[in-house]
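The values are calculated or read from the model by the stated rules, or taken from the named source; none is laboratory data. Remember, it's a predicted structure, so these values are computed and weren't measured experimentally. Quick reminder, even Gly has a Cβ in these numbers, built from the backbone with ideal geometry, and neighbours come from all protein chains shown.
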Amino acid sequence: MPVDGEIRWFSPDPRGVIPLDGLRVSRSLRRSCRRYRVTVDHDFATVIRACGDPRRPHGWIDDPIVSAYERLHALGHAHSVEAWSLEDGALAGGLYGVAVGGLFAGESMFSHRRDASKVALVALVTALRNGGGVMLDVQWVTDHLATLGAVAVPRARYLELVSDAVGRPQLRLAAP
């Protein structure tokens, strides 16, 4: 993240993780899932720019960050999940992150319509399960992510989980 003109790396302790078998999908979120079509890596550039919208509070995704992640995407390491409205076909929400082995490190998500980013998250977890993923790192446990099943993992345990995850075969992401 950029801080005072420099790009810095943060590793919170504890770290936020959503166990792939621990995602909480409410009845209303299940209904919302039926209002969107989900794709993977269909429009990475638009997703990261929406996540970096300067009108969003606490924005940190600036042009150098966008460029770096677009390069990672071109190399096959960064991925996006998009939720498209079935009503009008518009991109309604999404997320992006980086995959290494069986680890997916979520970086940011956005939503222009109700539950669209959550729908992208549900699809990501399904894609991870189907594609060989074993760990979803969400950095911090926010109130919002806690309602979806995010848990705080102490650094020592987190490092064990990461070591196992990155040593796995490269996960394959595809829309569920």
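What the table shows:
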quantity: Some residue of segment 138-146 being out of contact with any strand residue (DSSP E or B) (no Cβ under 7 Å at 6 or more places or on another chain), surrounded by fewer than 18 Cβ atoms within 10 Å (Cβ to Cβ) and closer than 22 Å to Val38 by Cβ; calculated: yes
quantity: Selected residue (criterion: nearest to Leu23 (Cα to Cα)) from residues of segment 129-168 that are assigned to a loop (DSSP other than H, G, I, E, B) and in contact with a helix residue (DSSP H, G or I) (Cβ under 7 Å, 6 or more places away or on another chain); calculated: Leu148
quantity: Search result, residues across segment 35-76 that are closer than 16 Å to Ser111 by Cα and assigned to a loop (DSSP other than H, G, I, E, B); calculated: Arg35, Asp43, Gly52, Asp53, Pro54, Arg55, Arg56, Pro57, His58, Gly59, Ile61
quantity: Any hit, segment 88-95, residues being in contact with a Leu (Cβ under 8 Å, 6 or more places away or on another chain) and in contact (Cβ under 8 Å) with a residue 12 or more places away in the chain; calculated: yes
quantity: Selected residue [more than 26 Å from Phe10 (Cα to Cα), at pLDDT 95 or above and β-branched (Val, Ile, Thr)] from Val100, Val125, Val151, Val119; calculated: Val119
quantity: Subset of segment 77-127 [under 21 Å from Thr147 (Cα atoms), outside any strand (DSSP E or B) and not hydrophobic (A, V, I, L, M, F, W, C)]; calculated: His112, Arg113, Arg114, Asp115, Ser117, Lys118, Thr126
quantity: Residue check for Arg31: without any contact (Cβ under 8 Å) to a residue 60 or more places away in the chain, part of a loop (DSSP other than H, G, I, E, B), more than 18 Å from Gly133 (Cα to Cα) and not β-branched (Val, Ile, Thr); calculated: no
quantity: Any hit, segment 69-76, residues being surrounded by 15 or more Cβ atoms within 10 Å (Cβ to Cβ), at pLDDT 95 or above and under 24 Å from Ser28 (Cβ atoms); calculated: no
